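Remarks on the structure that follows.
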Amino acid sequence: MEISKPGKNFISIIVPVYNAENCLPRCVQSILAQTYKNFELILVDDGSTDSSSKLCDSYVTDYGAVPSVFVKHTKNMGVSHARNEGLSYAEGEWITFIDADDYIEPDYLERLISPIESRQNAISIARDEGATVANPTVISVITMTDQIIDTQPISGFYFLEHGILNRDAHVWSKLYSKDIMEGMRFEDDLTIGEDMVLLVKLAIKIGNAKSVLSIDAGSYKYYDNENGAMNSSYKPSYMDQIRCWQRAEELLTPYKDDISNVIFAQLATTQIVSAMLVAGKIAQVPYDDNTKDAIAKIREALSHACNKDGAFAGLSKGYKLKASIFRFSPRLYLKLYGTWKKNK
């Protein structure tokens, strides 16, 4: 195997792996088939109990190879811990995350890094020609999105309002500079929304600096897991669907003088929707002490969010009705919703 040193714009790809024996080969093969070869792949085995651990080991390459593949085995502590482990080992100037059940097109990395290289080349050419390049734009995040926010770099707060709070709240399909990720870690007490919370932290860190660039989506292929957390029956950890948005609000509150009131209205609207999604899950399981406590927390969350300016107005008619009924009588709502689901 040819041994080479990483070049400029070296990318670290972090893939958390847990019991992914059926989909991991497709994911890894799609990564190794990239047209852009200047990367390392870090597979973090999160205590898998199937053959995923052995599969991960089978991909390991010789030291110094580019592309290179490394494996870190850990106890089962969740996706956030696995991603954090990957961050601890990342050597690249740039970092991207890919889920083990997803895959990427061959041009994925090339499309992500291309805007960076174009800017670097333009600056280099200008300097070679004797021009002074004052305060060139520093790109910290590239995001692939199905709705381009702007063709020019945008600020962190603008990305928060028009991206993160507008269906672009996943850490995958993005490229992050190692500098912006310095000190950043996923919150491992969240099982849902941990990636959104990290993006909010990044948006705050970037602030008003215009260093986020959006490009056309299409090269990242997301697998909608019908057995995933969002599609499973209710369990106490499902309350993280509400907690993650509450945590986002807590993070942003100190910056309320710097950001638009629209952001807080959007956060509150999302908290209401999230609360009703959880309520819908509870309506389909037996009533016990766990669900009793959850219902009280949902009611509290709704009371808080509905009192935020613009939050209720941002809801669809259906969610306005759902939230109103639940606030009037949680038991009535749960009975009505549970009956409707059974007869659906």
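Values in this text are rule-based calculations from the coordinates and carry no lab data. The shown structure was predicted, so the numbers you read here are calculated from the model rather than taken from an experiment. FYI the Cβ positions are ideal-geometry reconstructions off the backbone, even for glycines, and counts take in every protein chain you see.
At-a-glance table
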item: Along principal axes, Cα extents of the chain, largest first, whole Å; result: 69, 51, 32
item: Burial ordering of Cys244, Cys23, fewest other beta-carbon atoms within 10 Å first; result: Cys23, Cys244
item: Simple Cβ-charge dipole of the stretch 1-95, Lys/Arg +1 and Asp/Glu -1, about Cα centre, in debye nearest 20; result: 160
item: The stretch 221-330: GluC sites (Glu not before Pro) falling in loop per DSSP and having at most 10 other Cβ within 10 Å; result: Glu226
item: Dipole magnitude of the stretch 235-343, debye to nearest 20 (Cβ charges: Lys/Arg +1, Asp/Glu -1, about Cα centre); result: 680
item: q = 0.10, 0.14 Å⁻¹, the stretch 107-221: log10 I(q)/I(0) [Debye, one scatterer per Cα]; result: -0.31, -0.60
item: Those aspartates and glutamates that a straight Cα-Cα span of less than 17 Å connects to Lys210, excepting residues fewer than 8 apart in one chain; result: Asp150, Glu161, Asp179, Asp258
item: nm² value of the averaged projected area, convex hull over the Cα atoms of the stretch 244-344; result: 6.6
item: Share antiparallel - DSSP beta bridges, the chain, percent rounded to 5; result: 30
item: Percent of Cα-Cα distances greater than 13 Å, calculated over the stretch 222-286; result: 68
item: Of Asn84, Thr145, Ala65, farthest towards positive along the dipole that unit charges on Lys, Arg, Asp, Glu beta carbons give the chain; result: Thr145
item: Exposed-loop-free span, longest in the chain, where chymotrypsin sites (Phe, Trp or Tyr not before Pro) count as exposed if DSSP calls them loop and at most 16 other C-beta atoms lie within 10 Å; result: 64-171
item: Note, ³J(HN,Hα) from phi for the stretch 60-71, Karplus 6.51, -1.76, 1.60, rounded to Hz, x at Gly and Pro; result: 4, 9, 5, 4, x, 6, 10, x, 10, 10, 10, 10
item: Backbone HN-Hα couplings from phi across the stretch 12-20 [Karplus 6.51/-1.76/1.60, Hz, Gly and Pro as x]; result: 9, 9, 10, 10, x, 10, 9, 6, 10
item: Hz values of 3J(HN,Hα) by residue in the stretch 209-225 - Karplus curve (6.51, -1.76, 1.60), Gly and Pro given as x; result: 5, 8, 9, 10, 10, 9, 10, 4, 7, x, 8, 9, 10, 8, 9, 7, 7
item: Residues Thr253, Thr96 arranged by fewest to most Cβ contacts within 10 Å; result: Thr253, Thr96
item: Which listed pairs, of Lys174/Lys235; Lys317/Lys344; Lys221/Lys256, have C-alpha distances above 24 Å, in listed order; result: Lys174/Lys235; Lys221/Lys256
